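Step one of this worksheet: look at the structure below.
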């Protein structure tokens, strides 16, 4: 496996990480603020995906070259967290002091120990890299729309869904609130809560379908419970999009909007 992923961290600095797994050996190195190599301690993760990738780097990099057992290295980590700096002689003295210089017959630093990678680690790394890349692309897209001088996030969401440019969206998408129009076609642009509420209203206010279901013995549920079941099974698109049943979704400024052809 060979992967390369780039992202901006919490401080808006660019990090590029190269990842390789071969013969059950993980190797990771990075570029960050003009430096390269093992720069993981300098990167400031801004989301859980970045944080997990750094955690894997720290835990599994060169998994076949461990100077100590897991117990020895855990003790060293605790010692370093107390403000000590790694020095081989000092580490050996510390381990001898706590009776861990020899662990199950192995003396610290007297060879290289290998720890097998988890079976699903490669898949997890690929998934993380894919998610990080998607997040970065979304943030770039949001920045592009932020500079388009459109103050209605729902217009931006609809324009993204229709794959049209900011200038065209500003000029040709009309409407406000929940209903919008573009090129002669009407759309609903709703938040998650609004979409659930709108579905329920449509089913409850027009209860003919429920009455038919009761008469045919298809349900014994009350109207409200039946409406919830229909939404859960059939999906909101089947109720709000009478054209093709599709439900689009786009994220703008941290809010997800759901789009239906009206």
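Assorted remarks:
- Of the residues making up the range 180-198, those that are closer than 16 Å to residue 236 by Cβ and either part of a strand (DSSP E or B) or free of Cβ contacts under 8 Å to residues at least 12 places away in the same chain (or both) are 187, 188, 189, 190, 191, 193, 197.
- The range 88-119: number of residues that are over 14 Å from residue 73 (Cβ atoms), part of a helix (DSSP H, G or I) and touching a helix residue (DSSP H, G or I) at 6+ places or on another chain (Cβ under 8 Å): 0
- If you go through the range 199-212 and keep only what is in a helix (DSSP H, G or I), free of Cβ contacts under 8 Å to residues at least 40 places away in the same chain and closer than 28 Å to residue 177 by Cα, you end up with 200, 201, 202, 203, 204, 205.
- Residues of the range 213-230 satisfying the condition of being part of a helix (DSSP H, G or I) and surrounded by 10 or more Cβ atoms within 10 Å (Cβ to Cβ): 213, 214, 223, 224, 225, 226, 227, 228, 229, 230
- Exactly one residue out of 22, 67 is within 17 Å of residue 108 (Cβ to Cβ), in contact with a strand residue (DSSP E or B) (Cβ under 9 Å, 6 or more places away or on another chain) and either assigned by TED's automatic domain parsing to the domain that holds residue 139 or without any contact (Cβ under 8 Å) to a residue 60 or more places away in the chain (or both): that is 67.
- The requirement of being under 19 Å from residue 136 (Cα atoms), in the same structural domain as residue 129 (by TED's automatic domain parsing) and in a loop (DSSP other than H, G, I, E, B) is not satisfied by residue 4.
- Only a single criterion out of (1) in a helix (DSSP H, G or I); (2) surrounded by 11 or more Cβ atoms within 10 Å (Cβ to Cβ) is not satisfied by residue 143, namely (2).
- Residue match in the range 146-163 (condition: loosely packed, with under 12 Cβ neighbours inside 10 Å and either within 24 Å of residue 184 (Cβ to Cβ) or touching a residue at least 24 places away in the same chain (Cβ under 8 Å) (or both)): yes
- Qualifying positions in the range 25-37 - in contact (Cβ under 8 Å) with a residue 12 or more places away in the chain and in contact with a strand residue (DSSP E or B) (Cβ under 6 Å, 6 or more places away or on another chain): 27, 28, 29, 30, 31, 32
- The residue that is nearest to the chain's Cα centre (by Cα), among those in the range 38-57 that are touching a residue at least 60 places away in the same chain (Cβ under 8 Å) and either under 21 Å from residue 115 (Cβ atoms) or not in a loop (DSSP other than H, G, I, E, B) (or both), is 49.
- Residue list for the range 238-262, restricted to those being part of a strand (DSSP E or B) and surrounded by 14 or more Cβ atoms within 10 Å (Cβ to Cβ): 248, 250, 251, 252, 257, 258, 259, 260, 261
- Odd one out for residue 136 among (1) surrounded by fewer than 18 Cβ atoms within 10 Å (Cβ to Cβ); (2) without any contact (Cβ under 8 Å) to a residue 60 or more places away in the chain: (2)
The values are calculated or read from the model by the stated rules, or taken from the named source; none is laboratory data. Predicted model only: the values in this text are computed from it and were never measured. In this analysis, Cβ positions are derived from the backbone assuming ideal geometry, glycine residues included, and neighbour counts consider all displayed protein chains.
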